[in-house]
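Below: one structure, written as structure tokens.
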Amino acid sequence: MNDPATVHRQDQEGAAARESAAIFDNLQWALPGGGRKFTTDGNPPEWLVRLGDRHNKALAADPRACEHLADGRPGARVVLAWWPGVLLCPRCVAAMDPLPDDAPEERTCDGCDTFYPEGLKLIAIQVRPDTTFHAFACDNCMAELGLTA
Ligand SMILES: [Zn+2]
Ligand SMILES: [Zn+2]
């Protein structure tokens, strides 16, 4: 039996998941070539677990969110690997200025911390129905995700 509050919450969760899927359309904000989408199969590689821990610790110590997600409001959320502890909605991510072409964030793999002068691919990993994790990753770290776009 669904009480009205449960139905309302399910509506919000469904909307958040749909909005999260739309995040991938906005990947171009960071790299001209767009990004690649991954999902985790419940067995994420060590580097993703480590980045997730770092984000969760930062979030617990000093939670920051865009105005649309403030005070724990529901909705699709984006976590940027290079900005731990910050929750952004897709609209705010899309409105961000692109990283400059020579930004070190685009050249250092978030997974293995290796510097790649030629640059890296931006990837989006669906870590929860309402949460997408963005990172710059090398081929090796992408391969560890197992699933490709
Ligand atoms: Zn926002
Ligand atoms: Zn790597």
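The values are calculated or read from the model by the stated rules, or taken from the named source; none is laboratory data. If you're wondering where the values come from, they're calculated on a predicted model, not measured in any experiment. When we count neighbours, we look across all protein chains shown, and the Cβ atoms used for this are built from the backbone with ideal geometry, even at glycine.
Assess whether ALA103 counts as being within 16 Å of ligand 2 (Cβ to nearest atom) and more than 28 Å from ASP11 (Cα to Cα). In short, no. Residue-level check: of (1) over 30 Å from GLN12 (Cβ atoms); (2) more than 11 Å from ligand 2 (Cβ to nearest atom), THR108 misses just (2).
The single condition from (1) at pLDDT 90 or above; (2) part of a loop (DSSP other than H, G, I, E, B) that LEU87 fails is (2). Report yes if some residue within segment 71-83 is within 13 Å of ligand 2 (Cβ to nearest atom) and modelled with pLDDT of 85 or more; otherwise report no. For segment 71-83, residues within 13 Å of ligand 2 (Cβ to nearest atom) and modelled with pLDDT of 85 or more: present. Suppose we keep only residues that are among the charged types (D, E, K, R) and within 16 Å of ligand 1 (Cβ to nearest atom) within segment 48-89. Which one would you say is surrounded by the most Cβ atoms within 10 Å (Cβ to Cβ)? My answer is ARG77.
Taken over segment 99-149, residues that are assigned to a loop (DSSP other than H, G, I, E, B) and within 16 Å of ligand 1 (Cβ to nearest atom) amount to 1.
When segment 109-143 is limited to residues that are without any contact (Cβ under 8 Å) to a residue 40 or more places away in the chain and surrounded by 23 or more Cβ atoms within 10 Å (Cβ to Cβ), the one that is nearest to LEU88 (Cα to Cα) turns out to be ALA137.
Checked against (1) modelled with pLDDT of 90 or more; (2) closer than 16 Å to VAL78 by Cα; (3) in contact with a strand residue (DSSP E or B) (Cβ under 9 Å, 6 or more places away or on another chain), ARG54 passes all but a single condition, namely (3).
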